[in-house]
Amino acid sequence: MRNRWFQCGVSLAMVFCVLCFTGKAQDTIAQEIVQDRDAFKSETDELKSQLKRMEEAFLVQQKMMKQMETLALSQQEQIKELKIRVESMSEKPVTVAKEEIKEEVKQEVKQEVGNYLASDEAREKLGLGLPGKYEPVNGYYLPDREKASIGFQTRDGNYSLNIGFRTQMRFTYKDKDEDFDEGDITDIDLRRARVCFAGNIYSKDLFYNVELDADSFEANLRDYFIWWTPAAAEEAFSVKAGYFKVPANRQWNSSGFKLLLMDRSIASDNFKQDRDYGVDLYGKPFDGHMEYHAAVFRGAGQNPSKAFGRDENTDNELMYVLAARYYPFGWCDANNLASGWNETDMKYEENFKAVIGASFVYNAKENDKKLEDTDSAIGNVDLGVRYRGFTWDSEYYIRENDPEDDGDSVTSDGLYTQAGYFVLPKKLELAARYSMLDPNEDVRDDVQTEYTVGVNYYIRGNRQKVQTDVGHFVTETTGEDKDENRIRLQYQMIF
């Protein structure tokens, strides 16, 4: 009996020991499972993080590959252009290629300098107030851009000052007619010497021009006027007031520095109305196919004190001018409303250009003096052509002087025709002119004629040129005609 209980106790003890050992094992296994699960979760998160970083790196690599592809395509285009350029250069003479390369480099440097001067930094350092956009300021607000070499302008463009200097040094030899007891003349003269100040003021529509001369070694005011050209009018309407050239005959209104020959014709000099105080309404409407002038002047000339011995226009007779011109093939680049007609085709017009015009002057002057107690009227017609270096200009004038005291009226007329041609485009020009003047149609043997031929060489266009001409002049008299031969050489510079 005791042995049975002993066996039962031993069996229970063994069962208890097994259960205890099994429970501890299960706890250990459970802990290991939890630890393994946490480790697995951490490893999964790490893998996800690595995958995300790899995806981001792949996107960056893709972007870089696209950029490299674009760069490669650009380099391929550059290589193609260089190949084409090398092939084109290889087809030309080496000297020509070198000159083209030098010119391209020169233009690139010029552009870079221009861009720098247009920057705010350069304007502040130089203190010139140049415009924000790089464009030539010189002569920008002048009647004639070629008159100036130095220009200053405010940043807003409402004020500007342009300065220019012009001079003509001339040698002249005159072979006078010995039959009239006249001796030959050899002379060196400063034919024209001018200083110009011009620009705009208050706005971009209002301009001024002041010009001084020292032609006779005495400083005088040559021109001083203001003019207004509304931007909206586009040069179809302008107003000029002050002291300036009377817009009658076309050759007189051409600049003395843009003449085909050194001086104007004998006819133009006789019928010109010179300068005067007045107001001129003018413009070029219809896209430059028309030009008009409607002006009124004092009519007493440059030196009114020499006309009547007084400074005032006491006879109350003003001078009136009407002029109109038609450009059938459009506006000619050689023309300038403010400064007149350029007598040479320096622009080398590729398209045929022509002009036909007429003008009328009432209470006209004679030799820049008002005729006292005389009604005077002048009419003229003009023609002009420009085409590929060829120029042709002609004008005819007629004047009627009618005394108020019922005296005999005097009729006079004159004309000129001239032509020029660039045998070397924009460099070497040949010129010829014929002019006639009859001071009084009722008087016989007083007709004057001019025959002149010349050669012009342009170093820098009208800014620097050399002119030479030979002229033959004949004046009819009741007996033997009076002859004169003339040779001239002139150097011109505008700076």
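The values are calculated or read from the model by the stated rules, or taken from the named source; none is laboratory data. Note that the structure is predicted; figures quoted are calculated from it, not measured. Glycine gets a Cβ as well: all are built from the backbone with ideal geometry, and neighbour counts include every protein chain shown. Side chains included, ligands, DNA and RNA excluded: accessible areas come from the protein's heavy atoms. Shrake-Rupley method; radii C 1.70, N 1.55, O 1.52, S 1.80 Å.
Observations on the structure shown:
- Test: residue in the stretch 345-359 that is under 14 Å from residue 399 (Cβ atoms) and open to solvent by 10 Å² or more (accessible area, probe 1.4 Å): yes
- Taking residues in the stretch 162-177 that are farther than 14 Å from residue 146 by Cβ, and partners anywhere that are acidic (Asp, Glu), the pairs with Cβ atoms closer than 6 Å and at least 6 places apart or on different chains are 170/189; 172/187; 175/184; 176/182; 176/184; 176/484; 177/483.
- Residue within the stretch 477-494 that is open to solvent by less than 70 Å² (accessible area, probe 1.4 Å), among the small types (Gly, Ala, Ser) and under 15 Å from residue 174 (Cβ atoms) present: no
- Residues of the stretch 309-348 classified as more than 26 Å from the chain's Cα centre (by Cα), at pLDDT 90 or above and in a loop (DSSP other than H, G, I, E, B), total: 1
- Taken over the stretch 439-471, the residue count meeting the criterion of being in a strand (DSSP E or B) and surrounded by 13 or more Cβ atoms within 10 Å (Cβ to Cβ) is 20.
- Verdict on residue 393 being acidic (Asp, Glu) and in contact (Cβ under 8 Å) with a residue 60 or more places away in the chain: yes
- Output for the stretch 162-186, where each listed residue is within 21 Å of residue 220 (Cβ to Cβ) and not basic (Lys, Arg): 162, 163, 164, 165, 167, 168, 169
- Filter result (modelled with pLDDT under 85 and within 42 Å of the chain's Cα centre (by Cα)) within the stretch 156-191: 156, 157
- Inter-residue pairs, beta-carbon under 8 Å, first closer than 30 Å to residue 234 by Cα and in the stretch 286-314, second surrounded by 18 or more Cβ atoms within 10 Å (Cβ to Cβ) and modelled with pLDDT under 60, 6+ apart: 298/304
- Per the conditions (1) farther than 20 Å from residue 272 by Cα; (2) modelled with pLDDT under 95; (3) open to solvent by 30 Å² or more (accessible area, probe 1.4 Å); (4) more than 30 Å from the chain's Cα centre (by Cα), the sole criterion not satisfied by residue 474 is (3).
- Selection within the stretch 361-412 - open to solvent by less than 30 Å² (accessible area, probe 1.4 Å) and under 31 Å from the mean Cα position of the chain (by Cα): 380, 382, 384, 385, 386, 389, 391, 393, 394, 395
- Any hit, the stretch 226-247, residues being within 30 Å of residue 492 (Cα to Cα), assigned to a loop (DSSP other than H, G, I, E, B) and either modelled with pLDDT of 90 or more or not aromatic (Phe, Trp, Tyr) (or both): yes
- Restricting attention to the stretch 349-382, the residues that are part of a strand (DSSP E or B) and out of contact with any Ser or Thr (no Cβ under 6 Å at 6 or more places or on another chain) total 22.
- Just so you know, in the stretch 420-435 the residues that are touching a residue at least 40 places away in the same chain (Cβ under 8 Å) and surrounded by fewer than 18 Cβ atoms within 10 Å (Cβ to Cβ) include one that is farthest from residue 344 (Cα to Cα), and it is 425.
- Residue within the stretch 414-429 that is modelled with pLDDT of 90 or more, part of a strand (DSSP E or B) and farther than 17 Å from residue 260 by Cβ present: yes
- Within the option set 167, 229, 186, being β-branched (Val, Ile, Thr), within 21 Å of residue 467 (Cα to Cα) and surrounded by 14 or more Cβ atoms within 10 Å (Cβ to Cβ) holds for one residue only, 167.
- Scanning the stretch 178-202 for residues that are more than 17 Å from residue 258 (Cβ to Cβ), touching a residue at least 12 places away in the same chain (Cβ under 8 Å) and of a type in the set (Gly, Ala, Ser) yields a single hit, 199.
- Failed criterion for residue 483 (all others in (1) within 33 Å of the chain's Cα centre (by Cα); (2) closer than 18 Å to residue 180 by Cβ; (3) acidic (Asp, Glu) hold): (1)
- The residues of the stretch 189-213 that are on the phi < 0 side of the Ramachandran plot, open to solvent by 50 Å² or more (accessible area, probe 1.4 Å) and assigned to a loop (DSSP other than H, G, I, E, B), listed by number, are 201, 204.
- When every residue of the stretch 469-486 is checked against the conditions, none turns out to be touching a Phe, Trp or Tyr at 6+ places or on another chain (Cβ under 7 Å) and within 13 Å of residue 259 (Cα to Cα).
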